[in-house]
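A.B. asks: Pasting in a structure now, in C-alpha cells, and then I'll have a few things to ask.
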Amino acid sequence: MTNTKTPNTLEMLTAEELAIKAQGGSKAHFAELVNRYGPRLYHFLRHKVSRDEDAEDLVQDTLVKAYQNLHRYNPSHPFSAWLFTIGKREAISYYRSQQRRRERPEPMPPGAVPNPLEMIVRREEKDNLWKRARQLPEKQYDALWLRYAEDMSVKEISQVLGLTQIHIKVLLYRGRSQLAKLHQQTEPAVRLAERSLVL
C-alpha cells in the first residue's frame, strides 16, 4: 500500500478565499495567511526601522490589527494590498511614537544567489541594489519595493501607499531613473575593480 502525501487544502486556496474563511471565524485559515504574509511583511517593514526586533514588532502589530479588522476586508480586492496598507499605517504610527526617523537598514535583496563568475562581474550591482535605493525618497523606495520585491500591480501599490495610480507611475519612473544615475556613478569603480581582479 503506497502512502501518498495529500496536498494541504489550505495551501491551495487563494489569499482572498482564506480571508473569507477567516472572516467566518476560522483560525486555521488566518494562520495560513500569517504563514504566507508574515515574512513578506517583515521584508517590507524592515527598512523602515533600525532593528530586527522593531520590524518583528511591526509585523505582529500589523497581523493583530488585520485580525481585529477582518470584518472590514472586502474580498473583491486583493488581500495583499489591504494587509500591506495596514502595515504601512503601523509604520507611520511607529515613526510618530519615535518622533524621529531612523536610518533604514538594507533589506535582503530579491533573486537567486549568483554563481562565482556573476559575483565577480556584478558584485557591486547585486550587493548594493537596495542600499542605493535607500538613498531615494521614501515613497519612491516603497513604490519600487512593492513593485519589484512584492510584485504588486500599480493599482495595488496605490492602495497601499494611498496615492493615485498616476502618482505611483511617476514614483516608479523617477525611482528607476534615479537608480540608473546612481548605478552610472558607481560603474567606473566597478569596472576598475573587475580589471584589477583579472590582471
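Please treat every number below as a calculation from the coordinates, not as lab data. Quantities reported herein were computed from a predicted structural model and do not represent experimental measurements. Here the Cβ positions follow ideal geometry from the backbone for every residue, glycine too, while neighbour counts run over all protein chains shown.
A.B. asks: Starting from the eigenvalues of the Cα gyration tensor, five times each then square-rooted, give me the equivalent ellipsoid semi-axes of the stretch 1-85, largest first, whole Å.
C.D. replies: Its equivalent ellipsoid spans semi-axes of 26, 18, 11 Å.
A.B. asks: Between beta-carbons, use under 15 Å as the cut-off and find the net charge around Asn69, counting Lys and Arg +1, Asp and Glu -1. Before the final figure, lay out each step's value.
C.D. replies: Working: positive: Lys65, Arg72, Lys88, Arg89; negative: Asp61, Glu90.
In short, +2.
A.B. asks: Next up: What pairs from Lys88/Lys181; Lys27/Lys169; Lys139/Lys181; Lys21/Lys139 go past 26 Å between their alpha carbons?
C.D. replies: Among Lys88/Lys181; Lys27/Lys169; Lys139/Lys181; Lys21/Lys139, the Cα-Cα distance tops 26 Å for Lys88/Lys181; Lys27/Lys169; Lys21/Lys139.
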